[in-house]
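Here is the structure we will look at, set down as structure tokens.
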Amino acid sequence: MSLPDSPIVVAAPAGASRLGRKTRAEDIREQVADEITRGLLPPGTLLDESALASRFGVSRTPVREAIRELAASGLIDARPHRGAIVARPSFERLQNMFEVMAELEALCAGLCAQNIAPAERRRLEILHAEMGEMMRLGDFAAYREANEQFHTSIYAGGHNDYLVELTLATRQRLSPFRRAQFRALGRLALSHQEHDRVVTAILRGDRDGAAAAMRDHISIVHDAYEKYAQLI
């Protein structure tokens, strides 16, 4: 997602529309998270709600929602009555979050292999093929957006609404780091290869294989983000 031309004053994205069209708050949250993970908003930067609302042309309500979401991810420290400042989550916290994410997504992938409907199988195959073309073209922005749809499709294919709810909530907290890892050199191609192993297992109805492939994928995503973060 491209960043606006206006100067990088304090900003913050907000809540999400989960499975539907993104809300204005979520768009803001993603832009600010991208700026933080790129090092454009370094730790200690004060995020002023009024400045952010002016920058993005919104009321302070979606800005406050964005700040809450960023705080849940560990990217900012929201201090009551004193404003919010850019922070960095500890290595231990981020590791714990990714460990939980890996197990949730592994469960989703396993159930998807077992329960996915024929129409869902076809849509997953088509999306995976489209992402392969995005990867070959080096279309970073399109691939990154399609990646969220790819994972959401696998969640839905498991046909367990409560698991989907838990997984989406955790994914939202990790979204800034999952998006940032795509900036690592060669990451698009590697991500697509990892997805291919997941999709192959799902289409074969291999529950254990799909779960293992997805668990490995999320672990690699974590490693890719950590390597990227060391460079900024």
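The values are calculated or read from the model by the stated rules, or taken from the named source; none is laboratory data. Being a predicted model, the structure only gives us computed values, none of them experimental. Cβ: placed from backbone, ideal geometry, glycine included. Neighbour counts: every protein chain shown. Each accessible area value is taken on the protein alone, full model and side chains, heavy atoms only, with ligands, DNA and RNA left out. Shrake-Rupley method; radii C 1.70, N 1.55, O 1.52, S 1.80 Å.
Overview of values
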| item | result |
| --- | --- |
| Filter result for the condition that a residue is free of Cβ contacts under 8 Å to residues at least 24 places away in the same chain and more than 15 Å from Y225 (Cβ to Cβ), over Y143, Y162 | Y162 |
| H151 of a type outside the set (A, V, I, L, M, F, W, C), crowded, with 19+ Cβ neighbours inside 10 Å, within 20 Å of E99 (Cβ to Cβ) and modelled with pLDDT of 95 or more | yes |
| Hits in region 197-229 - residues which are within 19 Å of the chain's Cα centre (by Cα) and either open to solvent by 70 Å² or more (accessible area, probe 1.4 Å) or of a type in the set (S, T, N, Q) (or both) | R215, D216, S219, D223, K227 |
| Qualifying residues in region 155-166 (those that are outside any helix (DSSP H, G or I) and open to solvent by 10 Å² or more (accessible area, probe 1.4 Å)) - the one nearest to A72 (Cα to Cα) | N160 |
| Count of residues meeting criterion [among the charged types (D, E, K, R) and open to solvent by 20 Å² or more (accessible area, probe 1.4 Å)] in region 179-196 | 2 |
| Residues of region 28-51 classified as among the hydroxyl-bearing types (S, T, Y) and farther than 20 Å from H222 by Cβ, total | 2 |
| Number of the condition not met by D77 [criteria: (1) of a type in the set (D, E, K, R); (2) surrounded by 16 or more Cβ atoms within 10 Å (Cβ to Cβ); (3) more than 24 Å from the chain's Cα centre (by Cα)] | (3) |
| Residue tally, condition more than 17 Å from A146 (Cα to Cα), among the aliphatic types (A, V, I, L, M), in a helix (DSSP H, G or I) and in contact (Cβ under 8 Å) with a residue 12 or more places away in the chain, over region 167-207 | 3 |
| Qualifying positions in region 80-96 - open to solvent by 60 Å² or more (accessible area, probe 1.4 Å) and either without any contact (Cβ under 8 Å) to a residue 40 or more places away in the chain or not polar (S, T, N, Q) (or both) | P80, H81, R82, R88, F91, E92, R93, N96 |
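Okay, residues lined up against (1) more than 25 Å from E145 (Cα to Cα); (2) open to solvent by 60 Å² or more (accessible area, probe 1.4 Å); (3) at pLDDT 90 or above:
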position: M1; (1), (2), (3): no, yes, no
position: A12; (1), (2), (3): no, no, no
position: R21; (1), (2), (3): no, yes, no
position: S59; (1), (2), (3): yes, yes, yes
